[in-house]
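Here the structure is laid out as structure tokens; the discussion comes afterwards.
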Amino acid sequence: MAGPQFTSTFTTPGEPAQHSLTYGRFHNPTWTAWEEALGVLEGGTTISYASGMAATMAVFGVTLKPGSVLVLPSDAYYSTRVVSSSWWKSIGVDVRMAPTRDNAQAGVLDGATLLWIETPSNPQLDVCDIRALVEAARARNVLTCVDNTTATPYLQQPLALGATFSMASDTKMLTGHSDVLLGHVSTTDPDRATALRTWRTQHGAIPGPMEVWLAHRSLATLPLRAQHQCSAALRLATTLQSTRGVSAVHYPGLPDHPAHATAKRQMSAFGCVVSFDLGTRQRAETFLKALTIVREATSFGGVHSSAERRARWGGDTISEGFIRFSVGCEPADDIIEDVIEALKRT
């Protein structure tokens, strides 16, 4: 890999059209290298953004206008729901919501402009059938975008399943080190790729070259990180199922997960996030304080295991004792031992 290019202004004598590089808001060689690498994973043209929400807003921006209809999961990422029901609704976009589970969004597609899918959902890890929803949307001339943050394009390829756009917050498992904010959108449609790139330029939602370089550096270890984290997450979820005091375990890799068969069909592994319910706020907070190697923090996908009482943020239909646990790269035995010992103290 070449080092990051920090230049904001390039030497461009004469006509700008004669130069491939002109100004730092338009293009940067570090972005190009990262986007080409992600394009291999995604199977399409990739445009990088300053954050996952910047990527989300770009998809909305190039597809929605007053009078459009946006179909969202009612259990989608909280910020996606907030910006849709506030900003986009205020300019005349009709926002409809239905749960991820059981492909419920298919029932509200008539007259829609964009179907937004998130699978597995965050934080409850419900799963929908991407191909089935894409086909239902296509029959009604509805565009589709999959928020692929939880899975990453290493574990799930929405474009190969027919989606118009694949979007992700690269802050999470894709980059894996909890040290960058970044997002991207991929598409196989050249005109839509151009529109997404133009949106980024005109709205200034550009990533920093250092963040992009760090992300690209981290991509080399993605297979190793993801394979270990997914394997350890399945072991943790299985252990929690047989642990007293845990009232529910949410992980699509478990055979009794309601959409396990669907997840197995469209994912190569089931992700690093395991969610479970301890019932009360007090038990959840006691558990988090008793952990020794696991850090209490939001976000997920980092090399260090982390956990949080998700209800502290509000906005999700979950209990006060709901834990979202991000399995890191520590030995699986150590993670499980830490969790079991902490649960004993609750």
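Where a number appears in this text, it was derived from the coordinates with a stated rule and is not lab data. Quick caveat: nothing in here was measured; it's all calculated off a predicted structure. Heads up, the Cβs are rebuilt from the backbone with ideal geometry, glycines too, and the neighbour counts pull from every protein chain shown.
Table for the structure above
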{"read-out": "With Cα atoms, 0 to 90° folded angle of helix 29-42 axis to the chain main axis", "value": "60"}
{"read-out": "Exposure proxy order (Cβ contacts within 10 Å, fewest to most) of Arg138, Arg283", "value": "Arg138, Arg283"}
{"read-out": "Residue with peak Gaussian network fluctuation, the chain [Cα springs, cutoff 10 Å], from Pro120, Pro331, Pro153", "value": "Pro331"}
{"read-out": "Degrees separating the helix 222-241 axis from the principal Cα axis of the chain, which is the longest one", "value": "30"}
{"read-out": "Magnitude of the charge dipole, segment 222-344, Cβ model with Lys/Arg +1 and Asp/Glu -1, debye to 20", "value": "260"}
{"read-out": "For the chain, share of DSSP beta bridges that run antiparallel, in % to the nearest 5", "value": "55"}
{"read-out": "Principal-axis tilt of helix 281-290 within the chain, Cα atoms, nearest 10 degrees", "value": "90"}
{"read-out": "Proxy reagent accessibility, fewest Cβ within 10 Å first, across Arg140, Arg309, Arg96, Arg244", "value": "Arg244, Arg140, Arg96, Arg309"}
{"read-out": "Relative contact order, percent, segment 16-219 [alpha-carbon distance under 8 Å, six or more residues apart]", "value": "28"}
{"read-out": "Net dipole in debye of the chain [+1 Lys, Arg Cβ; -1 Asp, Glu Cβ; about Cα centre; nearest 20]", "value": "420"}
{"read-out": "Nearby lysines by direct alpha-carbon distance to Lys172 (threshold 27 angstrom, same-chain neighbours under 8 apart not counted)", "value": "Lys264, Lys289"}
{"read-out": "Distance between segment 169-218 and segment 124-163 - C-alpha centres, whole angstrom", "value": "19"}
{"read-out": "Selected from Ser166, Ser186, Ser85 as most flexible by GNM, with the chain as the system and alpha-carbon contacts under 10 Å", "value": "Ser85"}
{"read-out": "For Thr30, Thr221, Thr80, order by how many other beta-carbon atoms lie within 10 Å, fewest first", "value": "Thr221, Thr80, Thr30"}
{"read-out": "Among Ala139, Pro331, Gly162 - extreme Cα towards positive end, dipole of the chain, charges at beta-carbon", "value": "Ala139"}
{"read-out": "For Rg/Rh (Cα atoms, Kirkwood Rh), calculated from these coordinates, the label among (1) 1.01; (2) 0.99; (3) 0.95", "value": "(2)"}
{"read-out": "Centroid-to-centroid separation of segment 8-84 and segment 296-346 [C-alpha atoms, Å]", "value": "32"}
{"read-out": "Within a Gaussian network of the chain (alpha carbon springs, distance under 10 Å), most fluctuating of Pro73, Pro258, Pro123", "value": "Pro258"}
